[in-house]
1. Using alpha carbons only, how many angstrom separate the centre of segment B:43-111 from the centre of segment B:2-24?
2. What is segment A:7-46's relative contact order, in percent, from Cα pairs under 8 angstrom and six or more apart in sequence?
3. Before anything else, pin down the relative contact order of chain B: Cα pairs under 8 Å, at least 6 apart, normalised by residue count, whole percent.
4. For segment A:15-51 and segment A:64-97, compute the distance between their C-alpha centroids and round to whole Å.
5. For segment A:65-114, state the average projected area of the convex hull of the C-alpha atoms over all orientations, rounded to one decimal in nm².
6. Can you tell me the accessible area per residue over segment B:25-89, all protein chains present, probe 1.4 angstrom, in square angstrom?
7. Under unit Cβ charges (Lys, Arg +1; Asp, Glu -1), what dipole magnitude, rounded to 20 debye, does segment B:1-106 have relative to its Cα centre?
8. Is there a simple number for the mean count of other chain Cβ atoms within 10 Å of the Cβ of residues in A:49-56, and what is it?
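The values are calculated or read from the model by the stated rules, or taken from the named source; none is laboratory data. Quantities reported herein were computed from a predicted structural model and do not represent experimental measurements. A quick note on method: Cβ atoms are made from the backbone with ideal geometry, for glycine too, and the neighbour counts reach across all protein chains shown. SASA here: full protein model, heavy atoms, side chains in, ligands and nucleic acids out. Shrake-Rupley method; radii C 1.70, N 1.55, O 1.52, S 1.80 Å.
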Amino acid sequence: KAGVTQTPRYLIKTRGQQVTLSCSPISGHRSVSWYQQTPGQGLQFLFEYFSETQRNKGNFPGRFSGRQFSNSRSEMNVSTLELGDSALYLCASRSSDFSYNEQFFGPGTRLTVL
Amino acid sequence: GENVEQHPSTLSVQEGDSAVIKCTYSDSASNYFPWYKQELGKGPQLIIDIRSNVGEKKDQRIAVTLNKTAKHFSLHITETQPEDSAVYFCAALRPDSNYQLIWGAGTKLIIKP
């Protein structure tokens, strides 16, 4: 079974631009969560989508948005990029609506904002 | 809301020794506590978890203990090996939180040869 894939793996943007990151979950998984990881800040939860609906949202500004498609693939968009948005963005998928389900993480997209 | 504190932020141990990472949580309603390991260049991966109706769980060289009264849980790694070098994250889950995990800040474990 293929794991969670994220594209692109690396991205360099300049301040003010916008960016779209993509996540393909494990086949059959309906939940996709997004996290921002910066050195010393751990995993900061952005949002979770389940069956195309945003189920949870973290404390990030409205510049961060996401969506999920009918095939469970998810995209995350960041508009008006700031230097502080430089981070590793991870997505994770889960198989069902069961709270104890393991989250499977992708390798992440490394975003650098210049 | 729930808050999870993780200590230490960095832990360096000699190969073959044991390592212990501790997390405390604030919400007594939390009932599920997973541990994830993140190796360099990879996403985190679940290594062990424990539910609130169990006090201890073991899987070969790793174990997790839970003290519900004190609201803390710990990861124990015995006979550490170089491949144990990674960042470890703890997390907690409330049953009514819409399945959202609350994460600790992570511990960088360094195994010295």
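1. So the two Cα centres are separated by 10 Å.
2. 26
3. It rounds to 37 percent for chain B.
4. Comparing the Cα centres of segment A:15-51 and segment A:64-97, I get a distance of 3 Å.
5. So the mean shadow area of the Cα hull is 4.5 nm².
6. Each residue of segment B:25-89 exposes 49 Å² on average to a 1.4 Å probe.
7. 300
8. Per residue, the average neighbour count from other chains is 1.
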